[in-house]
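This report refers to the structure that appears directly beneath it.
Coordinate-derived values only; no laboratory data. Just so we're clear, the structure is a prediction, and the values are computed from it rather than from any experiment. Here the Cβ positions follow ideal geometry from the backbone for every residue, glycine too, while neighbour counts run over all protein chains shown.
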Amino acid sequence: RQTGLTFYDPGFVNTAATRSAITYIDGDAGILRYRGYDIADLAKNSTYLEVAWLLIYGELPTPAELAEFDEKIRRHTLLHEDLKQFFSALPHTAHPMSMLSAAVSALSTYYEDSLDPHDPEAVEISTIRLLAKLPVIAAYAHKKAIGQAFMFPDNSLSFVENFLKLNFGTFAEPYEVNPVLVQALDRLLILHEDHEQNASTSTVRLVGSTEANIFASISAGIHALSGPLHGGANEAVLNMLGDIRGSGESVQKFIERVKNKERGVKLMGFGHRVYKNFDPRARVVKESADEVLKDLGVSDPLLDIARELEQAALADDYFVERKLYPNIDFYTGVIYKAMGFPTRMFTVLFAIGRLPGWIAQWREANTDPGTKIGRPQQVYTGPPARPWPTSR
Ligand code: CMC
């Protein structure tokens, strides 16, 4: 313990707690790469599962590897019937992120055979179970909130098609998969798949460093993601756009409230710890927002407010001086809304996107001989040693 070397670094702005070969970010240049591949190339040419394989195993899969991975995941989509009952014990008003985290935590009680972090086969099967079951849990949280019956997974469909059917299908009529939605959602999920040592991924690594099981680690990561400064920002953006109520003067009034640092008022979906010029994910999302709304024939006044807000902020010294730009969460909510997801599901979609990254990072830490139990230092600010008051 080298206490002499401790220095105060709130928010770990300068401290690397790990080494990693998964994701590269250059915040000044707006570069994001997974295993060396540019995020825009992956978003354009790849699929969620292909990128998941890349993140977890280090290389793009061959067609045979991808087909086998896809098949394994399809075979593990079912939830234990008892776990389905778990949702009945929760109020329908529960936030879907809380349901998601609780259900992932509960997975560890069903799969006690695969909890040992030192057993590569256990880690492998847990990886498949998580990737297969998280979207089903997410869709059940959605169905629970809107009071509809849970759909069974349909393994004749692709990963994203199945997820859409689980969310929007009913037993009343056949579900028609819309290819526009499938492509757009696949792309959004890819953009979220990893982002090096953000708060939720660091949480996953920290919990994992105690040799807690992978379900416990991911469940903790979901909680970390739920905060409005992290993944919860996508939900907060839509609420903010709704609260602004109209364009023009209301947008300007809102900007003034942000600049005056009114308690609890921030321009949600703006700013990033790492990106100080632009967020490369936000660029792709902004293009998608235009395309998807056009393809779906949806015109949403909130998109106009978002555009106006972005323009006003980018032209304002307050935001320019602080290098605040739209991040990935600024436009995603408008797209999710157009797809039909309720606002409270937005961060759940982020979690499904981020899952492969959490798994890859957990596995990397789990096999890195340099990993030690996470245990930050502190700078003590309390009283010095003092004698016990004998008069007591
Ligand atoms: N609106 C208004 N002011 C802001 C904002 C914002 N969105 N973000 C930062 N600032 C100000 C902040 O008040 C500070 O001002 P000053 O220097 O006068 O005190 C300055 O900019 C620097 O901000 P910071 O809080 O030191 O920056 P950070 O790196 O610690 O925080 C952040 C990064 C993302 C938490 C922050 O920008 C923020 O709260 N943004 C809004 C929430 C959001 O959109 N989060 C999603 C992030 S992207 C998705 C993900 O990966 O999670």
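What is the fewest-to-most order of Y34, Y175 by other Cβ atoms lying within 10 Å of their Cβ?
So the ranking, lowest neighbour count to highest, is Y175, Y34.
Lysine pairs in segment 232-321 with Cα distance under 21 Å, only those 8 or more apart or on different chains: how many are there?
Lysine pairs satisfying the spacing and distance rule in segment 232-321 number 8.
With unit charges on the beta carbon (Lys/Arg positive, Asp/Glu negative), name the residue among S217, V237, G264 whose Cα is farthest towards the positive pole of the charge dipole of segment 216-273.
G264
Measure out, as a whole number of angstrom, how far apart the alpha-carbon centroids of segment 348-392 and segment 188-203 sit.
18
Of the peptides 124-136, 367-379, 191-203, 302-314, how do they stack up when ordered by the mean number of other Cβ atoms within 10 Å, highest first?
Going from most to least packed, we get 191-203, 124-136, 302-314, 367-379.
Determine the distance separating the Cα centre of segment 121-143 from the Cα centre of segment 1-75; give it in Å without decimals.
With segment 121-143 and segment 1-75 each reduced to a Cα centre, they are spaced 20 Å.
Go through 358-364, 337-343 and give me the packing order, highest mean Cβ count within 10 Å leading.
358-364, 337-343
Output ³J(HN,Hα) for segment 242-251: one whole-Hz value per residue in order, computed from phi by the Karplus curve 6.51 cos²θ - 1.76 cosθ + 1.60 with θ = phi - 60°, and x for Gly and Pro.
So the J values, rounded to whole Hz, are x, 5, 5, 6, x, 9, x, 4, 5, 5.
Among T347, T390, what is the fewest-to-most ranking by other Cβ atoms within 10 Å? Write out the running numbers ahead of the final one.
Values: T347 27, T390 5.
Fewest to most other Cβ atoms nearby, the residues stand as T390, T347.
Within segment 13-91, list the trypsin sites (Lys or Arg not before Pro) lying in a DSSP loop whose Cβ has at most 14 other Cβ atoms in a 10 Å radius.
R19
How many nm separate the modelled label positions at F12 and V379, each set 7 Å beyond the Cα in the direction of the Cβ?
1.9
Over the chain, what is the mean sequence separation of C-alpha contacts under 8 Å (at least six apart), divided by residue count, expressed as relative contact order in percent?
Dividing the mean separation by the residue count of the chain yields 24 percent.
Volume per residue, Å³, of the convex hull around the alpha-carbon atoms of the chain?
198
Taking only the alpha carbons of segment 233-339, what extent do you get along each of the three principal axes, in Å, biggest first?
Taking the Cα atoms of segment 233-339, the three principal extents are 38, 30, 22 Å.
Where nothing but the Cβ of Lys and Arg (+1) and of Asp and Glu (-1) is charged, how large is the charge dipole of the chain around its Cα centre, in debye to the nearest 20?
Once rounded to the nearest 20, the dipole reads 1600 debye.
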